[in-house]
Amino acid sequence: MKTAIVNLATIVTGDWRDPIAPGDSILMKDGTIEAVGTVEASRIEDCDVVLDAGGMTAMPGMIDSQVHNTFGDYTPRQKTVGFLESYLHGGTTTSITACEVHVPGRPSDPEGVKALAIAAKKCFDNYRPGGMRVHAGAVILEPGLTAEDFDEMADKGIWLAKAGFGKFQSPFEYTPYVKMAQASGMIVNCHTGGASIPDSSAIIGKHLMDMRPDVSFHVNGGPVAMPDEDFAPIVNETEIALQICQAGNIRTALLCLNLAVEADQYDRFLIATDTPTGTGVMPLGMIKSVCELSCLSEYPAEMIIAAATGNVAKVYRLDTGFLKPGLEADVLVLDNPLGCSKDDALGSIKNGDFPAIAACFTSGVPRFIGKSRNTPPPTRKSSIAKNNQPNLFSPAAHV
């Protein structure tokens, strides 16, 4: 399929160093972005679907790097069906598993955790709820796993591991397992802060300094934050990515944000949700954090957006998260919500108001056009200028 978005007022790239692209159009073909900015009319005429954005704003689809998926679009923690498709209507086009720890009766022996990770990955390789891409299958680090086990899983496509829920006596015991997983090419995420569920450990700065995982999950607390004095050493003395979560502590999220910027380490600053958990199912969790960090800090909205898009893509080695040619065509079209005191989507976000999501494309395919079922309606009007597909891409069925 070849699709295009035209008549955009602003294109947010997802790159905080170069956040706004000149031009007014985005061209997508066969799942990837072909052009951003000025696109010749002849290339637009050749499209299957053309969306006239009516002066709205485009940005990359958001990447939630801490989603507690299990199997299918269902969360047993909150007994909710269809939560991932609902997150898509909140602007999350890619989800990364926090490990399948919420699977009822989940195993803790080496063979069991290997099988769970492999099965989850292979299921979501074939399943895209609502069009969302889900990177499932993170092995839970448990005693007894060997270097050969990690190599075997890596050969089967497992590239994520999770520390924090294993049956270890001390968090320091995770360190050799973190190293084995990393040696097999896996990205290791680590629970941070107070214990969140049975079998989880309180993990604070001294443990992270010893383990050196790739990503500190909910570094601002999930939901309980580590001591304030632990943040500066993690920011300044390690290369650990600093993932803050909506289900965490907003005060320490701002503390971490400011420390990362001051240390010129903003590339390591990531936004996620850490849901569904006891905090609940939060379809607007990602954009809520973007709005909160924008309106409560001095930084522009487009810079904060990068922490939910391009920064995440770089840390997790994904080919999405930016509006740039050659990358996956995951695109949101936003506007200031009806009744907002600001003039556009970026102004709305900086003001702390949820923007209206007027359209969502994943892999270049429109998943809905008109309005999201989870955000306020847009102020401007978009329209489908061309459509030769047997689909109106209307969200009406979801309202």
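The values are calculated or read from the model by the stated rules, or taken from the named source; none is laboratory data. Keep in mind that what you see is a predicted model, and the values were worked out from it rather than measured. All Cβ positions, even for glycine, are placed from backbone atoms using ideal geometry, and neighbour counts span all protein chains on display. What goes into the accessible areas is simple: the full protein's heavy atoms, side chains included, and nothing from ligands, DNA or RNA. Shrake-Rupley method; radii C 1.70, N 1.55, O 1.52, S 1.80 Å.
Observations on the structure shown:
- Here the chain carries DSSP beta bridges of which approximately 55% are antiparallel, counting only pairs with both residues inside.
- Cross-link reach list, aspartates and glutamates versus residue 386, counting only Cα pairs under 14 Å and skipping chain neighbours closer than eight places: 45, 46, 48, 52
- Beta bridge orientation in the range 20-177: antiparallel %, DSSP, nearest 5: 40
- Overall form of the range 218-305 per C-alpha gyration tensor (a/c, 1.5; a/b vs b/c): oblate
- Spin-label pair residue 45/residue 156, simplified geometry with 7 Å Cα→Cβ offset, distance in nm: 5.4
- About its Cα centre, the chain has a charge dipole of approximately 1000 debye under the convention of +1 per Lys or Arg Cβ and -1 per Asp or Glu Cβ, with nothing else charged.
- Above-threshold pairs, the threshold being 30 Å between Cα atoms, out of 2/156; 121/314; 29/122; 29/371; 156/314; 121/288: 2/156
- Gain on full stretching of the segment that runs from residue 351 to residue 17 - 0.36 nm per residue minus C-alpha separation: 118.1 nm
- For the range 156-258, a crude dipole built from +1 on the beta carbon of Lys and Arg and -1 on the beta carbon of Asp and Glu, taken about the Cα centre, is about 340 debye to the nearest 20.
- Applied to the range 338-350, the Karplus parametrisation 6.51 cos²θ - 1.76 cosθ + 1.60 on θ = phi - 60° returns per-residue 3J(HN,Hα) values of 4, x, 5, 7, 9, 8, 8, 5, 5, x, 4, 4, 5 Hz, with x for Gly and Pro.
- The range 52-117 - accessible surface per residue (Å², probe 1.4 Å): 25
- Degrees separating the helix 285-295 axis from the principal Cα axis of the chain, which is the longest one: 80
- Tail weight of P(r) past 38 Å, computed on alpha-carbon pairs of the chain, percent: 17
- Degrees, to the nearest 10: 250-262 long Cα axis against longest axis of the chain: 80
- Computed over the chain: relative contact order in percent, which uses C-alpha pairs under 8 Å that are six or more apart: 20
- Straight-distance candidates among the aspartates and glutamates for linking to residue 114, with alpha-carbon spacing under 16 Å and chain neighbours fewer than 8 residues away dropped: 100, 142, 148, 149, 151, 152, 155.
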